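> Below is a structure I'd like to ask you about.
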Amino acid sequence: MRFTIAARRVIFFVAFALIAAYGYVALRGPQGIPALQEKRSEIRRLEEENANLQSEIQYRRDRIKKLTESPAEQELEVRKNLKLLRPGETSFILPDVPKQQDAKPAGPTAPDDSK
């Protein structure tokens, strides 16, 4: 089975076109480059979240270690949570100060000369 040069060129062109179309679909489709970028950003976000959680875990371990080793820390924590006072201590409870909004001063305004 012998093909002419023109037939070989057509077969080669069709094969190349099929490979190019498959490559385009593979790169631009649902499993292509956009999905890869999305997965990389999700990995980055999860790594940051893991780092934050690891630092929080370390903080809590240090806090637990302080509380188990130091009676003074234990006393402070109990007093803070139960709002206990020692004999002779006085506790002051102050009301919350309302936040003031930035208001314009009520001074005189300049006359409008845009007539």
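> Which three extents, in angstrom, do the Cα atoms of the chain have along their principal axes, listed largest first?
Between the extreme Cα coordinates on each principal axis of the chain lie 111, 77, 14 Å.
> Oh, and also: Can you tally the lysine pairs in the chain where the Cα-Cα distance is under 23 Å and the two residues are eight or more apart, or on different chains?
Taking the chain as the scope, the lysine pair count is 4.
> Would you work out which of GLN37, GLN58, ALA26 lies farthest towards the positive end of the dipole of the chain? Charges go on Cβ: Lys and Arg +1, Asp and Glu -1.
Highest projection toward the positive end goes to ALA26.
> I need THR4, THR90 ordered by Cβ neighbour count within 10 Å, fewest first.
Fewest-to-most ranking of THR4, THR90: THR90, THR4.
Each reported figure results from applying straightforward, stated rules to the coordinates on display, with no laboratory input. What you see is a predicted model; the values in this text were computed from it and never measured. Note that each Cβ is placed from the backbone with ideal geometry, even for glycine, and that neighbours are counted across all protein chains shown.
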